[in-house]
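Working notes, beginning with the structure itself.
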Amino acid sequence: MDALDPEDSVDRHIARWSGKVPFDVPTEQVITRIQLLAKHVKYGKDRALAETGLQEFEFETMHRLASRGTPWRAPSAELAAELLLSPAGMTGRLDTLEKSGLIRRVRAAGDRRRVDVELTEEGHRRWIEAMRWRGIAEAEMIAPLDGAERAALSALLKRMLLHVEQA
């Protein structure tokens, strides 16, 4: 390795394992780098949540509501299905968010048995702040790439993802 091609942790991983176990070096390089980058993405998301004082389950619930646009509302059963939660699990989550002033429960106008959940203004503000911090973390990660490199990487990753999604 030289200054133009500095060694990263994957290069050291490959050197450490070469000759000890059979693997295809280019495949190992790609997959290991994807795994490590995914860990860095997770770390960035965790930092964003820490900056806003949100827990991951709070953010994920608020994220689903915000995706619907104003008034950021959805039936609680629909949210539970999207989040893969039981009705009891959804109730516990909503109780926590409601006590924090981040969501409110509203009886559906057409069906009083149905409960809709909506973000409060404070909930939307906190979600926006978490999204801002996430954006900062993502921008830092992709900063070394210019526009053409980002487009090329995106296209390659898309091709890989389509392959595994269609398998």
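The values are calculated or read from the model by the stated rules, or taken from the named source; none is laboratory data. Values in this document were obtained by computation on a predicted structure and should not be read as measured data. Ideal geometry is used to build each Cβ from the backbone, glycine not excepted, and the neighbour counts take in all protein chains shown. All accessible areas refer to the heavy atoms of the entire protein, side chains included, with ligands and DNA or RNA removed. Shrake-Rupley method; radii C 1.70, N 1.55, O 1.52, S 1.80 Å.
On the given criteria, is residue 54 surrounded by 12 or more Cβ atoms within 10 Å (Cβ to Cβ) and over 26 Å from residue 40 (Cα atoms)?
Details: surrounded by 12 or more Cβ atoms within 10 Å (Cβ to Cβ): yes; over 26 Å from residue 40 (Cα atoms): no.
For residue 54, the condition - surrounded by 12 or more Cβ atoms within 10 Å (Cβ to Cβ) and over 26 Å from residue 40 (Cα atoms) - is not met.
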Do we have any residue at all in region 22-38 that's in a helix (DSSP H, G or I), closer than 18 Å to residue 127 by Cα and out of contact with any Phe, Trp or Tyr (no Cβ under 9 Å at 6 or more places or on another chain)?
no
Based on what the data block shows, is residue 7 touching a Leu at 6+ places or on another chain (Cβ under 8 Å), open to solvent by 60 Å² or more (accessible area, probe 1.4 Å) and acidic (Asp, Glu)?
no
Residue by residue through region 103-116, note down the ones that are in contact with a strand residue (DSSP E or B) (Cβ under 8 Å, 6 or more places away or on another chain) and open to solvent by 70 Å² or more (accessible area, probe 1.4 Å).
104, 105, 107, 114
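Answer yes or no: is there a residue in region 85-102 that is acidic (Asp, Glu), out of contact with any Leu (no Cβ under 7 Å at 6 or more places or on another chain) and either at pLDDT 95 or above or surrounded by 15 or more Cβ atoms within 10 Å (Cβ to Cβ) (or both). Steps first, answer last, please.
Just the residues of region 85-102 that are acidic (Asp, Glu), to begin with: 95, 98.
Subset that is out of contact with any Leu (no Cβ under 7 Å at 6 or more places or on another chain): 95, 98.
Pick out the ones that are also either at pLDDT 95 or above or surrounded by 15 or more Cβ atoms within 10 Å (Cβ to Cβ) (or both) and you get 95, 98.
Yes, some residue in region 85-102 is acidic (Asp, Glu), out of contact with any Leu (no Cβ under 7 Å at 6 or more places or on another chain) and either at pLDDT 95 or above or surrounded by 15 or more Cβ atoms within 10 Å (Cβ to Cβ) (or both).
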